[in-house]
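To start, the structure itself, in structure tokens.
The values are calculated or read from the model by the stated rules, or taken from the named source; none is laboratory data. This structure is a prediction, so every number in the text was calculated from the model and none was measured. Here Cβ is always computed from backbone atoms with ideal geometry, including for glycine, and neighbour counts include all displayed protein chains. Protein only, heavy atoms only, side chains kept; ligands, DNA and RNA dropped before computing areas. Shrake-Rupley method; radii C 1.70, N 1.55, O 1.52, S 1.80 Å.
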Amino acid sequence: MRNEKKRRRFDALAWGVGAMTAAVLFVDAAQAESKQFRLDHPRYVEECGSCHVAYPPQLLSAESWHAVMNGLDRHFGTDAAIDAAAHADIAAYLAANAGTPRKFGATAKRVTETRWFAREHDEVPAHVWKRPDVKSAANCGACHTQAERGDYSERNLRVPRR
């Protein structure tokens, strides 16, 4: 009788631990799949989002963001220089919220050059990037309809047909 009670307790504990582990894994998988990022810095969204989608800071490493911010006077062929106060504020936000070099690569200056981007878009044929409504891989909003909110989930994905 006593051994049966111990066995029941052990079984209940094992089931409980198993259920908790499954719940944690499910939540982690759901968060990883959601592809939703916080864009909670108004100055960053205003300054950078005025020309292109304000990329989530998690999509580049701190080293990469540092290089981007220190090259704003020649930002991919454009002078995107901003005043010193805005520069310091945005640079601090990007550094504090940057992604890990392991996931995205330490030296990529473009989100489209990261391992993460390549893996996420490996099924996209090259001709899609050249469509008039897309123009380039950097135009996230062409397909990700909620990109300006930091939502890159597939439920809001609409690839232009031409």
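Summary of values
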read-out	value
Residue match in the range 94-111 (condition: within 24 Å of residue 161 (Cα to Cα) and under 18 Å from the mean Cα position of the chain (by Cα))	yes
Residue selected from the range 49-58 under the condition touching a residue at least 24 places away in the same chain (Cβ under 8 Å) and more than 11 Å from residue 147 (Cβ to Cβ), by the criterion least open to solvent (accessible area, probe 1.4 Å)	57
Selection count where residues are over 12 Å from residue 57 (Cα atoms), touching an Asp or Glu at 6+ places or on another chain (Cβ under 8 Å) and of a type in the set (A, V, I, L, M, F, W, C), scope the range 79-110	5
Test: residue 33 is among the acidic types (Asp, Glu), part of a helix (DSSP H, G or I) and either at pLDDT 95 or above or surrounded by 13 or more Cβ atoms within 10 Å (Cβ to Cβ) (or both)	no
From 53, 27, residue being at pLDDT below 90 and under 19 Å from residue 153 (Cα atoms)	27
Candidates 114, 78, filtered to the one that is open to solvent by 40 Å² or more (accessible area, probe 1.4 Å) and among the β-branched types (Val, Ile, Thr)	78
Residue list for the range 123-159, filter: in contact with a Lys or Arg (Cβ under 9 Å, 6 or more places away or on another chain), of a type in the set (A, V, I, L, M), more than 22 Å from residue 40 (Cα to Cα) and open to solvent by 30 Å² or more (accessible area, probe 1.4 Å)	159
Condition met for residue 162 (surrounded by fewer than 16 Cβ atoms within 10 Å (Cβ to Cβ), at pLDDT below 90 and farther than 22 Å from residue 63 by Cβ)	yes
